[in-house]
Amino acid sequence: MHTNQLLSVEKPVRYLGGEMGAAGKERAELRFVLAFPDVYEVGMSYLGFQILYAVLNRVEWLAAERLYSPWPDMEELLRANSGQLVTLESGTPPAQADIIGFTLQYELSYTNILNILELSGIPLLARERGEGLPLVIGGGPCAYNPEPLADFFDAFLLGDGEEAVLEIAAAYRAWKRSGLPRTDLLERLAAIEGVYVPSFFEVRYDDSGRIAGIVPLKEGHARVRRRFVADLGAAPYPTAPVIPFLKTVHDRVSMEIARGCTRGCRFCQAGYIYRPVRERTPEQVLELVEETLRNTGYDEISLLSLSTGDYGCIAPLLQTVMRRYAAERIAVSFPSLRVGTLTSELVEEVKKVRKTGFTLAPEAGSERLRQAINKGITEEDLLANAFAAYSAGWRLIKLYFMIGLPGETMEDVLAIAELAKKVKMEGRRSGQGGEVNASVGTFVPKPHTPFQWEPQIGLDEIREKQRFLRQELKKRKLNFKWQDAPLSFMEGVFARGDRRLGSVLQKAHALGCRFDGWGEKFNFAAWQEAFAATGIDPLFYHRRRDLAETLPWDHLDCGVTREFLLREREQALSGAPTIDCRGGTCTGCGVCDFKNIRMRLNTPDFVEKHGHPSLPAPEAAQLPEEAARIRLRFRKTGAMRFLSHLELLNLFVRAVGRARLPIRYSQGFHPHPRFSFATALSVGVESWAEYMDMEIAAGYGADQARERLNAVLPGGIEIMEAREIPLRAESLSVIMERVRYRVTLPEPAGLDLPLLAERFLALESWPLRREKKGKTTELDLRSELAELKGDGNSLEMLVGRGKPLEFTAAVTGLSPAELTGARIEKLAVIFKE
């Protein structure tokens, strides 16, 4: 595929690579493709993906490269041109790699996995892949029941990947050197703790369609136990991650302060499959945050865990972070703040910087149902947290609930609307006012939880409860967001599915199903056709499971015992709570061996024992009052020509932070670096004459700013000149007069360009009429043209208003279609004297 064809797709930068922080290895013994079955900006937000990328690329003989699902426009372009997907780092077709590792984050991404394989020229079924094709493996939360994908994968990794992924690569390397058949590779992989090879198990079904037995085909290999990273503090963390060109879902420093949760919410799969709780020490968190901020230029820190407020010394940690970065206006967010853990102390710290999103998850509207699911929060806790948030300046609180929980009645559903209204009233009581968004999902029973045996409510019941809630929330003037019922329906099928669903997946993919988790792309009719064609009843997977029944994932051990899950199910039916073992009383879940695998917690008296860690004051906190203004000329060439103006702006925001420039910022809760560009360059145009102004601390020096920026900018973006100008000098957009372009035609058209240029210059006028969004713009191209000359296959022109291709079409008579693929270069800008 020709590079210029990227201009025909939405967001070309999804397919470029070359970002700041990207690793490129021309030669490596093994190429390990990390594939994320969703679009670039979603995959780039996933911390686990960045961790594995960094872990693998630290090894000299390994090259980890990235691959994301192409958006439908790119897929169409690839298929129309018989093209293949390639990795972002080296442009390697995945079929030529050694290992392809898929992230299994969400059940509704499965058709994207098949699409990536097909567009890579790799047979979908594992049994049809020969010796010369890559190993296909998967890992992530969905690997705890990967059975619907078993036909397509060679192996899966259950559990933490930081250590295991290197062992997998080493096993592959040894096998590759041995020259033995592929079966030997699978034997080597199965010997690694946490690796599940589905072909080493045979699944048998009875006449009712239930599983009659899961038969191990390898002696001594009846169950596969998940992999544990015993000490999170010893696990690697990517302090120099890839910085995406696009604004991503989580465009910030994502700092995992803890892994695991022991609150024991009975619906929550993550609370069981990530046990035990392992916290990083505050000292390590602060060191990693500092290093990552300086390597990325981000202006927000997200403290990640399943329940950040439960971190052993969250208050002193937050105080230290805030004291360290408040002067730089760096925000701190808590994406997983649990109701009851938001203390007034935390609120006081967070409100010192701009307000990040505030979400609380009561999950159920009634006290009775919250007790049944072991949520462990009261209405009083929720309202107190809401009052504190509104009082601190938040204007919007997002509440997350679920419908369809075991034992739910319509009174419980009504309680959602009533509780949301009470939260809104806390805003009024605070004197500040405030809004509430009630987001309501549908409960999907997940494997390895106490509710894995429970039924899922059907489409009609989901829709009826959504209709009821819409009506009740509207009465109370509350905002309502929900997930479409068919999406929850499909998630439930695959969450507890078995190997027979592989044929449904294949059929659905063949019928065009892609990006099923994106509502606008989801095609429920095609899925229904796929079920009918394969003779599979999807409702079979929504049913209540018999307690004695063999479940598709029973041979996969997440560490929590079946007996514990059954006991928790009984507790749910009686509405009895189970305490959090963080307090010291073991609940007997079976995860810990109390030697290597155990909880690792911090204590709240961290500051009293150790004091606040001393870190150097940031440069930005010591800026002098005086400012200077510098003007930069930079080039934007090669693949960087596909960056939009907004993406270029984002790139420079991050580059300024990485370069540690003493930049001046705007005021307010959303401070921005003080810089401005001359004009917005059209996507696809190369330029040697882009200009921007920025304000920095006086006395820093333009040459030093140029050198620092060039040290962090990606290839294709380079500061060519830098000079100081008066602080009150006129803006670039005011003093720009004309621009010099060169347009090289896509192929020799047999035109005499010097003669055509001469004829055009002889004209008195050439009117052009533009129609856009119902508005008409008229200009005279001839009067806007100051110079024009033809040379070989190129036209060079000096123009005022007007686009270079408009002038080219007028001079040559060629249509826009005939000019597709023309190279446009911006050579110089002429400023007013």
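In segment 479-508, how many residues are within 19 Å of residue 118 (Cα to Cα) and open to solvent by less than 10 Å² (accessible area, probe 1.4 Å)?
5
Does segment 461-478 contain any residue that is among the β-branched types (Val, Ile, Thr), open to solvent by less than 10 Å² (accessible area, probe 1.4 Å) and under 30 Å from residue 386 (Cβ atoms)?
Yes: one or more hits.
With the requirement that a residue be at pLDDT 80 or above, within 20 Å of residue 399 (Cβ to Cβ) and not hydroxyl-bearing (Ser, Thr, Tyr), what does segment 295-354 give you?
306, 309, 310
I'd like to check which helices (runs of 4 or more DSSP H) are fully inside segment 1-120 and have at least 3 residues that are among the hydrophobic types (A, V, I, L, M, F, W, C) and over 22 Å from the mean Cα position of the chain (by Cα).
Answer list for segment 1-120: 72-80.
Name the residue, out of 89, 128, 107, 162, that is buried (at least 21 other Cβ atoms within 10 Å of the Cβ), more than 23 Å from residue 17 (Cα to Cα) and at pLDDT 95 or above.
That would be 107, the only listed residue that is buried (at least 21 other Cβ atoms within 10 Å of the Cβ), more than 23 Å from residue 17 (Cα to Cα) and at pLDDT 95 or above.
Would you please name the residue that is nearest to the chain's Cα centre (by Cα), looking only at residues in segment 794-833 that are in a loop (DSSP other than H, G, I, E, B) and among the hydroxyl-bearing types (Ser, Thr, Tyr)?
820
Which residue is nearest to residue 800 (Cα to Cα), if the candidates are limited to segment 704-759 and must be among the polar types (S, T, N, Q) and in contact with a strand residue (DSSP E or B) (Cβ under 6 Å, 6 or more places away or on another chain)?
Selected residue: 744.
What single numbered condition from (1) in contact (Cβ under 8 Å) with a residue 24 or more places away in the chain; (2) open to solvent by less than 90 Å² (accessible area, probe 1.4 Å) fails to hold for residue 750?
(1)
Restricting to segment 527-554, what's the tally of residues that are of a type in the set (S, T, N, Q) and over 16 Å from residue 147 (Cβ atoms)?
1
Just to be sure I understand the filter: pairs with C-beta atoms under 9 Å, separated by 6 or more residues or on different chains, first member in segment 472-488 and in a loop (DSSP other than H, G, I, E, B), second member of a type in the set (Lys, Arg). Which pairs pass?
Once the first residue is in a loop (DSSP other than H, G, I, E, B) and sits in segment 472-488, its partners that are of a type in the set (Lys, Arg) give 476/421; 476/424; 477/421; 477/424; 478/421; 478/424.
Please enumerate the residues belonging to segment 418-432 that are open to solvent by 10 Å² or more (accessible area, probe 1.4 Å) and either at pLDDT 95 or above or at negative phi (or both).
418, 421, 422, 424, 425, 426, 428, 429, 430, 432, listed by residue number.
Can you pull out the strands (runs of 3 or more DSSP E) entirely within segment 182-280 that have at least 3 residues that are open to solvent by 50 Å² or more (accessible area, probe 1.4 Å)?
201-205
State all residues of segment 548-581 that are open to solvent by 40 Å² or more (accessible area, probe 1.4 Å), of a type in the set (Val, Ile, Thr) and part of a loop (DSSP other than H, G, I, E, B); if no residue qualifies, say none.
Result: 561, 579.
Look at segment 385-417 and say how many of its residues are β-branched (Val, Ile, Thr), under 18 Å from residue 309 (Cβ atoms) and either touching a Gly at 6+ places or on another chain (Cβ under 6 Å) or open to solvent by 30 Å² or more (accessible area, probe 1.4 Å) (or both).
Residues in segment 385-417 being β-branched (Val, Ile, Thr), under 18 Å from residue 309 (Cβ atoms) and either touching a Gly at 6+ places or on another chain (Cβ under 6 Å) or open to solvent by 30 Å² or more (accessible area, probe 1.4 Å) (or both): 0 in total.
Name the single residue, out of those in segment 801-819 being of a type in the set (D, E, K, R) and free of Cβ contacts under 8 Å to residues at least 40 places away in the same chain, that is surrounded by the fewest Cβ atoms within 10 Å (Cβ to Cβ).
Among them, the one singled out is 801.
Go through segment 670-719 residue by residue and tally those that are farther than 20 Å from residue 243 by Cβ, part of a strand (DSSP E or B) and open to solvent by 10 Å² or more (accessible area, probe 1.4 Å).
Final tally of qualifying residues: 5.
Exactly one of (1) in contact with a helix residue (DSSP H, G or I) (Cβ under 8 Å, 6 or more places away or on another chain); (2) under 28 Å from residue 638 (Cα atoms) is unmet by residue 766. Its number?
(2)
Restricting the first residue to segment 619-634 and requiring it to be at pLDDT below 65, which pairs with a second residue that is in a strand (DSSP E or B) meet a Cβ separation below 6 Å and a spacing of at least six or different chains?
From residues that are at pLDDT below 65, the pairs are 623/697; 624/697.
Just give me the residues in segment 383-414 being touching a helix residue (DSSP H, G or I) at 6+ places or on another chain (Cβ under 8 Å) and farther than 26 Å from residue 300 by Cα, in sequence order.
383, 401, 403, 404, 405, 406, 407, 408, 410, 412, 413, 414, listed by residue number.
Just give me the residues in segment 172-181 being without any contact (Cβ under 8 Å) to a residue 60 or more places away in the chain and in a helix (DSSP H, G or I), in sequence order.
Across segment 172-181, the qualifying residues are 174, 175, 177, 178.
Which is in contact (Cβ under 8 Å) with a residue 12 or more places away in the chain and touching a Lys or Arg at 6+ places or on another chain (Cβ under 8 Å), of 131, 107?
Within the list 131, 107, the selection yields 131.
The values are calculated or read from the model by the stated rules, or taken from the named source; none is laboratory data. This structure is a prediction, so every number in the text was calculated from the model and none was measured. We place every Cβ from the backbone using ideal geometry, glycine too, and count neighbours over all the protein chains shown. We work out accessible area using only protein heavy atoms, side chains counted, and drop any ligands, DNA or RNA first. Shrake-Rupley method; radii C 1.70, N 1.55, O 1.52, S 1.80 Å.
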